[in-house]
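**Student:** One structure, pasted below without further comment.
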Amino acid sequence: MTTKLLPGATGVLALADGTILQGVGVGAVGSALGEVVFNTAMTGYQEILTDPSYMSQILAFTFPHVGNVGVNVEDVEQMGGGSDTSARGAIFRDLPTDPANWRSEGSLDVWMKRRGVVGLAGVDTRALTKAIRDKGAPHAVIAHDPKGRFDLDALVQQAREWTGLVGLDLAKPASTLQSFEWDEGLWAWPEGHPKTEGRKSVVVIDYGVKRNILRALASTGVKVTVVPADTTAEEVLARNPDGVVLSNGPGDPAATGAYAVPEIKKLVESGKPLMGICLGHQMLALALGATTVKMDQGHHGANHPVKDLTTGKVEIVSMNHGFTVDRDSLPDAVTETHVSLFDGTNCGLAVKDKPIFSVQHHPEASPGPTDSLYLFDRFAELMG
């Protein structure tokens, strides 16, 4: 490795092809291995960095100014853990700024140190984004050393040897270990997150669920129970829920589907109303007979246009996925309901003559516009 680091470089990103990006280290000291993806959201960096769907990934933010609003305990999306079950690292164009917001309870840099998120600032994120767009999401190691000491050859080799996300089940480590009840609703001024009372009951199978999915469900007037990823259909149905939600989560849907898909098939056959989100959408598709494929760069951002084919409405939604359902593999009993206007990939499905539907995007947003929040109401209506 012939790369010579610039004076003052305390952070690097070592790609599997040997490329070295250098800058200023931010957040936790150390290194982290993962797949590099870019996120085009202009807001919500704390929600993004704590989304379990980003497990084993390193995030490059295309928006240049990150850190402005600080951090707080309310905007953490994962149920527990740190960077081991969410984003491993973060890449910024500029150094995170000091917070200036009434909700701020601390700075992004200190928060990243506490969570174990390795950061790198001073990088040409536009060039990195173009490279990911043209060549796909690379494997890489992000590293931070205040003294600027890096074994670049070893970092590149580590990136090259990583097998990647294909075939990787990450839902179990991202999931809760035991079931629990949830009664917190969506944030509203001035009370914050109100407590809710449920009329109907919903079981959420947790493959890496976000808090705001649970809040959105609770705000429709349902009682929410969250269960682990490997919960059987018999255990779910024994609770006699009025509906079941298959949550978002990280990793390869085919790998998680090895144990989840047989149970989802039983839930489909039960006749219970069923809603899938992101990874849950992909595994529902597998259970119905479709296939999934790895995307070159995936969809990551809060400004993705998706068309609801059932209404003709175009919505701007929040996306976070590296795998997609092969729309050509959908069986005759399944209707495609949503499609990405960026690349035409599948973003939703419904089962004919059954109260079952799912979407690839995140209707709870967080961050992002709430154009698709109505999907939770649509699910509640299916339960009567």
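The values are calculated or read from the model by the stated rules, or taken from the named source; none is laboratory data. None of these values were measured; they are calculated from a predicted model. Cβ coordinates were reconstructed from backbone atoms using ideal geometry, including for glycine residues, and neighbour counts include every protein chain displayed. SASA here: full protein model, heavy atoms, side chains in, ligands and nucleic acids out. Shrake-Rupley method; radii C 1.70, N 1.55, O 1.52, S 1.80 Å.
**Student:** Looking at (1) within 24 Å of Val166 (Cβ to Cβ); (2) within 19 Å of the chain's Cα centre (by Cα), which is the one condition that is false for Pro367?
**Tutor:** Against the list (1) within 24 Å of Val166 (Cβ to Cβ); (2) within 19 Å of the chain's Cα centre (by Cα), Pro367 comes up short only on (1).
**Student:** Here's another thing I want to ask about it. Looking at the stretch 14-36, is at least one residue surrounded by fewer than 22 Cβ atoms within 10 Å (Cβ to Cβ), β-branched (Val, Ile, Thr) and farther than 23 Å from Val156 by Cβ?
**Tutor:** Checked against the condition, which is being surrounded by fewer than 22 Cβ atoms within 10 Å (Cβ to Cβ), β-branched (Val, Ile, Thr) and farther than 23 Å from Val156 by Cβ, the stretch 14-36 yields no hits at all.
**Student:** Of the conditions (1) in contact with a Ser or Thr (Cβ under 7 Å, 6 or more places away or on another chain); (2) open to solvent by 40 Å² or more (accessible area, probe 1.4 Å); (3) farther than 16 Å from Gly251 by Cβ, Val293 satisfies every one except a single condition; which number is it?
**Tutor:** With respect to (1) in contact with a Ser or Thr (Cβ under 7 Å, 6 or more places away or on another chain); (2) open to solvent by 40 Å² or more (accessible area, probe 1.4 Å); (3) farther than 16 Å from Gly251 by Cβ, Val293 is out only on (3).
**Student:** Six or more apart or on different chains, Cβ atoms under 9 Å: show the pairs whose first residue is in the stretch 255-273 and farther than 21 Å from Val293 by Cβ and open to solvent by 50 Å² or more (accessible area, probe 1.4 Å) and whose second is of a type in the set (Phe, Trp, Tyr) and modelled with pLDDT of 95 or more.
**Tutor:** none
**Student:** One residue is enough: does the stretch 306-322 have a residue meeting the conditions open to solvent by 20 Å² or more (accessible area, probe 1.4 Å), touching a Gly at 6+ places or on another chain (Cβ under 7 Å) and under 20 Å from Asn248 (Cβ atoms)? If you could, list the steps in order and put the result at the bottom.
**Tutor:** Let us first name the residues in the stretch 306-322 that are open to solvent by 20 Å² or more (accessible area, probe 1.4 Å), namely 307, 309-314, 316.
Cutting the leftovers down to touching a Gly at 6+ places or on another chain (Cβ under 7 Å) gives us none.
Checking the stretch 306-322: not a single residue is open to solvent by 20 Å² or more (accessible area, probe 1.4 Å), touching a Gly at 6+ places or on another chain (Cβ under 7 Å) and under 20 Å from Asn248 (Cβ atoms).
**Student:** Here is a further query. Condition first: assigned to a loop (DSSP other than H, G, I, E, B), closer than 16 Å to Ala258 by Cα and open to solvent by less than 20 Å² (accessible area, probe 1.4 Å). Now tell me which residues in the stretch 140-174 satisfy that.
**Tutor:** Narrowing the stretch 140-174 to residues assigned to a loop (DSSP other than H, G, I, E, B): 145-151, 162-168, 170.
Then keep just the ones that are closer than 16 Å to Ala258 by Cα; that gives 165-168, 170.
Scanning the stretch 140-174 gives Leu165, Leu170.
**Student:** Does the stretch 335-346 hold any residues that are out of contact with any Cys (no Cβ under 9 Å at 6 or more places or on another chain) and either open to solvent by less than 10 Å² (accessible area, probe 1.4 Å) or part of a strand (DSSP E or B) (or both), and which are they?
**Tutor:** Listed by number, the residues that qualify are Thr335, Asn346.
**Student:** Next question, about the same structure. For the stretch 203-234, enumerate the residues that are in contact with a strand residue (DSSP E or B) (Cβ under 8 Å, 6 or more places away or on another chain), under 23 Å from Ala188 (Cα atoms) and part of a loop (DSSP other than H, G, I, E, B).
**Tutor:** Within the stretch 203-234, Val209, Lys210, Gly221 meet the criteria.
**Student:** Return the residue satisfying two criteria in turn: it lies in the stretch 347-384 and is of a type in the set (Asp, Glu) and in a loop (DSSP other than H, G, I, E, B), and of such residues it is least open to solvent (accessible area, probe 1.4 Å).
**Tutor:** The initial filter retains those residues of the stretch 347-384 that are of a type in the set (Asp, Glu), namely 353, 364, 371, 377, 381.
In the following step, the residues that additionally are in a loop (DSSP other than H, G, I, E, B) were identified as 353, 364, 371.
Values: Asp353: 160, Glu364: 7, Asp371: 54 Å².
Checked the stretch 347-384; the qualifying residue least open to solvent (accessible area, probe 1.4 Å) is Glu364.
**Student:** Which of the residues that make up the stretch 175-184 are of a type outside the set (A, V, I, L, M) and either open to solvent by 60 Å² or more (accessible area, probe 1.4 Å) or touching a strand residue (DSSP E or B) at 6+ places or on another chain (Cβ under 7 Å) (or both)? Spell out the reasoning first.
**Tutor:** Residues of the stretch 175-184 that are of a type outside the set (A, V, I, L, M), as a first pass: 175-176, 178-184.
Passing the criteria: Thr176, Gln178, Ser179, Phe180, Glu181, Trp182, Asp183, Glu184.
**Student:** Next question, about the same structure. For a quick check of your reading of the model, give me the residue pairs whose first member lies in the stretch 355-384 and is of a type in the set (Ser, Thr, Tyr), whose second is part of a loop (DSSP other than H, G, I, E, B) and open to solvent by 10 Å² or more (accessible area, probe 1.4 Å), with beta-carbon atoms closer than 8 Å and at least 6 apart or on different chains.
**Tutor:** The qualifying pairs are Ser366/Gly44.
**Student:** Here is a follow-up. Looking only at the stretch 96-117, which residues are in a loop (DSSP other than H, G, I, E, B) and exposed (fewer than 15 other Cβ atoms within 10 Å of the Cβ)?
**Tutor:** Asp98, Ala100, Asn101, Trp102, Arg103, Glu105, Gly106, listed by residue number.
**Student:** Read through the list (1) under 30 Å from Asp252 (Cα atoms); (2) open to solvent by less than 10 Å² (accessible area, probe 1.4 Å), then give the number of the only condition that Phe63 fails.
**Tutor:** (2)
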